[in-house]
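The values are calculated or read from the model by the stated rules, or taken from the named source; none is laboratory data. The model shown is predicted, which means the values in this text are computed figures rather than measured ones. In this analysis, Cβ positions are derived from the backbone assuming ideal geometry, glycine residues included, and neighbour counts consider all displayed protein chains. For the accessible areas, the whole protein counts, side chains as well, though only heavy atoms, and no ligand, DNA or RNA atoms are used. Shrake-Rupley method; radii C 1.70, N 1.55, O 1.52, S 1.80 Å.
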Protein chains: 2
Amino acid sequence: MMKYKKVASYIRSKIIDGDWFYGMRIPSQRKLANQYNVNRVTIIKSIELLESEGFIYTLKGSGTYVNDYLDESFMLNKWEEMMEWTSRTRSQYTVQLINKLETQKEYIHISKGELGGDDLPHDELKNAMTNVSLYIGNLAFGYNNGYGYIKLRELLADRLKKYNINVTSNNIFITSGALHAIHLLSIGFLSQNTIVFRNTPSYVDSTHIFNILNIRKKDIVYESDKQARAILEKSPSYLNKAFYVEPTFSNPTGNVLSLKSREKILKYSMIHNLPVFEDDIYRDIWFDNEPPLPIKSLDKKGNTIYISSFSKTIAPAIRIGFIVASEKVVEQLGDIRMQIDYGSSILSQMVVYEMLKGGDYDHHIKNVRENLQKKRDYMLSILDKHFSSISTWNIPQGGFFIWLTLNKKINIRKLFIELAEKERVLINPGYIYGSSENTIRLSFAYESYENIEYGLKKLLYYAKEF
Amino acid sequence: MMKYKKVASYIRSKIIDGDWFYGMRIPSQRKLANQYNVNRVTIIKSIELLESEGFIYTLKGSGTYVNDYLDESFMLNKWEEMMEWTSRTRSQYTVQLINKLETQKEYIHISKGELGGDDLPHDELKNAMTNVSLYIGNLAFGYNNGYGYIKLRELLADRLKKYNINVTSNNIFITSGALHAIHLLSIGFLSQNTIVFRNTPSYVDSTHIFNILNIRKKDIVYESDKQARAILEKSPSYLNKAFYVEPTFSNPTGNVLSLKSREKILKYSMIHNLPVFEDDIYRDIWFDNEPPLPIKSLDKKGNTIYISSFSKTIAPAIRIGFIVASEKVVEQLGDIRMQIDYGSSILSQMVVYEMLKGGDYDHHIKNVRENLQKKRDYMLSILDKHFSSISTWNIPQGGFFIWLTLNKKINIRKLFIELAEKERVLINPGYIYGSSENTIRLSFAYESYENIEYGLKKLLYYAKEF
């Protein structure tokens with residue numbers, strides 16, 4: 001222990017033991033230096049530390065006194081000091097702000113990545129809960145092996161057959177959503193200083209899911225053979241590497257990778273022997289045509305781990321997602337789970353199972369597709385009418401988002417803040433996804449038609465102003 | 001990239017592109033060496049790598065051929081290889097085995113740390129689910145800020161007043177159980193190479209909750225002033241430090257720290273300015289007298305973070321626990337949550353809220369206390385009758401466990417395995433908690449009276465045999 005810290009803890013101990021009491025003037029620096037057999041600089045440093053902690057206080061020209069260390073307004077809260085130890089784990093400031101404002105009802109959310117209240121399956125959830133409550137007396141409510149509710153795992157395995165993913169319940173691992181799936185996989189399979197290749201703008205750049213475990217990210221464009229090869233070949237072989245891909249209606253751009261691009265990713269994965277995280281949570285929300293098959297269904301080697309979730313299709317707060325992987329990987333995930341959180345809520349798992357089993361989910365998602373397609377068309381019609389002169393955008397074939405690029409390079413940070421503060425309209429600026437500054441993620445999923453129109457008009461006004 | 005790996009990826013690419021096809025004999029080593037401008041040793045290493053991956057195969061005396069790389073039986077599954085990157089995250093083998101066997105109904109579980117089926121609140125859960133389903137249409141099912149269901153947080157803050165813990169909902173953070181609470185706190189506040197002081201034998205030693213994030217543990221005995229001071233003073237000051245304490249009916253020993261010991265821990269925490277994790281999940285399960293107040297209620301500084309859970313009192317699979325901390329700490333946890341799993345299941349939170357609100361929880365826990373006290377007494381009566389000559393044990397004043405120490409030092413590993421394999425009786429050997437080898441954790445919480453007797457008789461027989 002450094003000397004001044006040691007002396008500080010001797011003094012703290014005197015104060016806490018009551019030998020030195022509130023209001024008492026502490027001995028002179030010279031006396032303390034003699035007593036603890038250190039020099040005066042050390043004593044000065046100790047006193048500074050104790051003062052910063054609130055154990056003692058100095059009156060100018062009078063001396064240093066023992067404080068009432070029980071007074072809450074003094075002394076540091078150690079936990080708050082400790083935040084600095086791991087300050088790398090704070091989200092981007094903009095993301096923190098968005099997380100906060102997104103929970104507030106008085107805002108117009110033309111960027112929010114979740115279904116609006118009218119599209120939530122309230123009746124289906126109610127039915128499912130009633131069904132579950134009927135057999136709740138017979139259910140195992142203990143710690144399980146962390147893999148998840150067996151009936152749900154069986155049903156999911158069965159449902160994946162339609163994508164040519166031929167697995168059994170032993171290959172299905174239930175998580176508390178897709179982000180949680182990535183967290184578990186990162187802990188279980190990625191070492192520190194792994195490089196995860198992903199294509200920006202990307203959802204993973206808006207969260208510190210990889211950074212939190214010291215895992216690095218690197219940009220790659222899968223569609224360009226030449227660029228992809230160059231990047232893969234030049235990255236040092238002593239580092240571990242993996243791909244993160246969101247191939248279907250990706251967040252935030254709404255892009256869909258073609259079958260050919262999916263095959264290419266798989267090819268790179270095989271040539272360079274790199275594993276793939278395939279995050280496919282928007283698959284069920286397609287409009288005109290079903291999207292190409294998952295990479296997982298093309299992959300006969302098990303290099304691809306498939307991730308899905310019911311957050312976008314049932315409700316985020318239910319916190320149920322799943323991973324499809326080899327049995328060995330599932331076993332490893334189960335073991336990680338027993339070291340972290342012992343599995344997902346059995347109630348949520350049973351409710352999702354009930355919704356899937358009876359066909360309620362399929363019926364609901366059909367409605368969602370129809371409603372969202374109409375809302376997409378509505379948002380596009382407003383963009384066509386008013387935004388053509390100042391911006392460009394894509395026409396998403398599914399998912400929640402339209403990716404808007406303003407022609408003029410403006411201060412999007414300021415646009416975002418002013419829209420939120422002055423108009424209570426929330427957009428997601430593209431830079432939180434690692435995009436250049438003149439892009440915006442819009443969502444047609446959450447708001448009513450009326451509010452979509454209102455929000456876009458406000459956006460238009462400010463975007464022109466800037 | 002190392003040369004042989006680079007050559008291997010060129011060759012993989014030829015095979016995957018179809019230039020080299022199944023059954024084709026590959027060029028000679030000399031030719032390849034010329035072609036890629038490397039020496040033959042490099043070529044040999046490349047070929048070995050590709051062979052281990054299943055891309056090519058060698059027929060002795062004939063040559064090396066391109067394999068059918070789509071055949072699943074060849075080529076490594078990269079994810080499985082990657083487990084080795086993070087092999088430090090595997091649980092102890094014994095813990096893995098226990099986790100597996102604990103889910104199997106044909107075993108007699110005289111060690112299991114959860115309520116038995118008869119003590120689970122089936123009716124109360126059913127009522128709660130029915131109540132929740134009535135207002136499900138009005139509920140927010142979106143992403144929240146990660147802090148948890150506000151009504152549950154308010155209710156918990158209110159209930160803590162009886163322990164002199166005066167907080168508001170802003171100080172309550174909902175988690176998916178207590179283990180998950182420790183995981184979140186570790187990510188948010190402990191840097192790598194933090195030392196966590198804890199008293200062994202300890203629950204935290206049976207899981208890799210700290211190791212998984214590279215956080216070190218160190219033993220400390222809080223009750224001994226001299227020893228505690230020595231350890232704290234000699235640990236280097238450049239390392240961050242924290243205490244982990246399970247003061248009430250701790251797992252596995254059933255110990256309760258006296259009020260005086262609690263005050264001492266708080267004193268050390270203040271003298272050395274170290275934060276405290278207080279894990280208090282067994283508090284509600286007391287028998288003869290209520291346990292001393294939590295350390296948190298003695299702490300006016302906020303150095304202590306309080307952790308509790310409903311896993312031991314309602315059911316593990318519901319996955320609801322909570323943290324009590326300063327608002328700044330709660331905010332930091334919320335931000336961590338948005339990077340990891342976006343919060344706990346709203347359904348589980350609402351069900352716990354309903355159980356607490358209507359008084360069902362308090363009624364249930366009163367029954368649990370009475371039933372478990374009887375089961376404790378029954379287990380003790382069998383121990384008194386048959387185990388006195390070979391062992392000693394404590395008389396727990398609450399919780400689930402009796403901590404048995406065999407007089408003779410025997411091979412507990414072997415005892416555990418043989419009891420499980422031959423008799424289907426499960427005990428938890430003490431060494432998984434960091435204890436010396438002749439200790440066993442017994443639980444009176446899970447099994448029926450009949451099975452407790454059966455299990456103990458088998459244990460007696462084997463313990464004498466050994």
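Scan the range A:127-144 residue by residue and report those that are free of Cβ contacts under 8 Å to residues at least 60 places away in the same chain and surrounded by 17 or more Cβ atoms within 10 Å (Cβ to Cβ).
A:Ser133, A:Ile136, A:Gly142
Testing A:Ser297 on (1) within 14 Å of chain B (Cβ to nearest Cβ); (2) crowded, with 23+ Cβ neighbours inside 10 Å, one condition comes back false. Which one is that?
Result: A:Ser297 passes all but (2).
Give, as residue ranges, the strands (runs of 3 or more DSSP E) completely inside the range B:140-259 that count at least 1 residues that are more than 8 Å from chain A (Cβ to nearest Cβ) and within 19 Å of B:Asp341 (Cα to Cα).
Strands (runs of 3 or more DSSP E) meeting the threshold: B:172-175.
Can you tell which of A:Gln104, A:Gln96 is more than 27 Å from A:Gln332 (Cα to Cα) and in a helix (DSSP H, G or I)?
Sole residue among the options that is more than 27 Å from A:Gln332 (Cα to Cα) and in a helix (DSSP H, G or I): A:Gln96.
Are any residues in the range A:1-22 outside any helix (DSSP H, G or I) and either open to solvent by 50 Å² or more (accessible area, probe 1.4 Å) or at pLDDT 80 or above (or both), and if so, which ones?
A:Met1, A:Met2, A:Asp19, A:Trp20, A:Phe21, A:Tyr22, listed by residue number.
Which one is farthest from B:Trp393 (Cα to Cα), of the residues in the range B:406-458 that are open to solvent by less than 40 Å² (accessible area, probe 1.4 Å) and part of a loop (DSSP other than H, G, I, E, B)?
B:Glu447
Determine which single condition B:Asn214 fails, assuming it passes every other condition in (1) open to solvent by 50 Å² or more (accessible area, probe 1.4 Å); (2) of a type outside the set (Phe, Trp, Tyr); (3) at pLDDT 90 or above; (4) within 29 Å of B:Ser91 (Cα to Cα).
(3)
Could you give every pair whose Cβ atoms fall below 8 Å, whose first residue belongs to the range B:161-180 and is open to solvent by 10 Å² or more (accessible area, probe 1.4 Å), and whose second residue is assigned to a helix (DSSP H, G or I) and of a type in the set (S, T, N, Q), counting only separations of at least 6 or pairs across chains?
B:Tyr163/B:Ser297; B:Asn164/B:Ser297
Would a scan of the range A:349-370 turn up a residue that is of a type outside the set (D, E, K, R), open to solvent by less than 30 Å² (accessible area, probe 1.4 Å) and closer than 30 Å to B:Gln92 by Cα?
yes
What's the number of the condition A:Ser91 fails, among (1) surrounded by 19 or more Cβ atoms within 10 Å (Cβ to Cβ); (2) of a type outside the set (Lys, Arg); (3) under 44 Å from the mean Cα position of the chain (by Cα); (4) at pLDDT 85 or above?
Among (1) surrounded by 19 or more Cβ atoms within 10 Å (Cβ to Cβ); (2) of a type outside the set (Lys, Arg); (3) under 44 Å from the mean Cα position of the chain (by Cα); (4) at pLDDT 85 or above, A:Ser91 violates only (4).
Looking at A:Ser9, A:Ser13, A:Ser46 in this structure, which one is of a type outside the set (Asp, Glu), more than 10 Å from every other protein chain (Cβ to nearest Cβ) and on the phi < 0 side of the Ramachandran plot?
A:Ser46 is the lone residue from the list that is of a type outside the set (Asp, Glu), more than 10 Å from every other protein chain (Cβ to nearest Cβ) and on the phi < 0 side of the Ramachandran plot.
What number of residues within the range B:252-282 satisfy the criterion of being closer than 25 Å to B:Ile402 by Cα and open to solvent by less than 10 Å² (accessible area, probe 1.4 Å)?
So the count comes out to 9.
Six or more apart or on different chains, Cβ under 7 Å: which pairs go from a residue in the range A:316-343 that's surrounded by fewer than 24 Cβ atoms within 10 Å (Cβ to Cβ) to one that's of a type in the set (Asp, Glu)? Could you list them?
Final answer for the pair search is A:Pro316/A:Glu114; A:Ser326/B:Glu80; A:Lys328/B:Glu80.
Looking only at the range B:51-78, count every residue that is modelled with pLDDT of 70 or more, assigned to a helix (DSSP H, G or I) and within 10 Å of chain A (Cβ to nearest Cβ) and tell me the total.
1
Any chance you could count how many residues in the range A:222-262 are under 24 Å from A:Phe189 (Cβ atoms) and not polar (S, T, N, Q)?
Within the range A:222-262, residues that are under 24 Å from A:Phe189 (Cβ atoms) and not polar (S, T, N, Q) number 18.
Out of A:Leu190, A:Leu232, which single residue is buried (at least 22 other Cβ atoms within 10 Å of the Cβ), among the hydrophobic types (A, V, I, L, M, F, W, C) and either touching a residue at least 12 places away in the same chain (Cβ under 8 Å) or more than 19 Å from A:Ser308 (Cβ to Cβ) (or both)?
Checking each option against the conditions leaves just A:Leu190.
I want to confirm something. Restricting to the range B:103-126 and keeping residues that are open to solvent by 30 Å² or more (accessible area, probe 1.4 Å) and within 9 Å of another protein chain (Cβ to nearest Cβ), which single residue is nearest to A:Pro121 (Cα to Cα)?
Residue satisfying both the conditions and the ranking: B:Lys126.
So if I check each of A:Tyr431, A:Tyr461, which one is at pLDDT 95 or above and over 22 Å from A:Phe287 (Cβ atoms)?
Just one listed residue meets the conditions, A:Tyr461.
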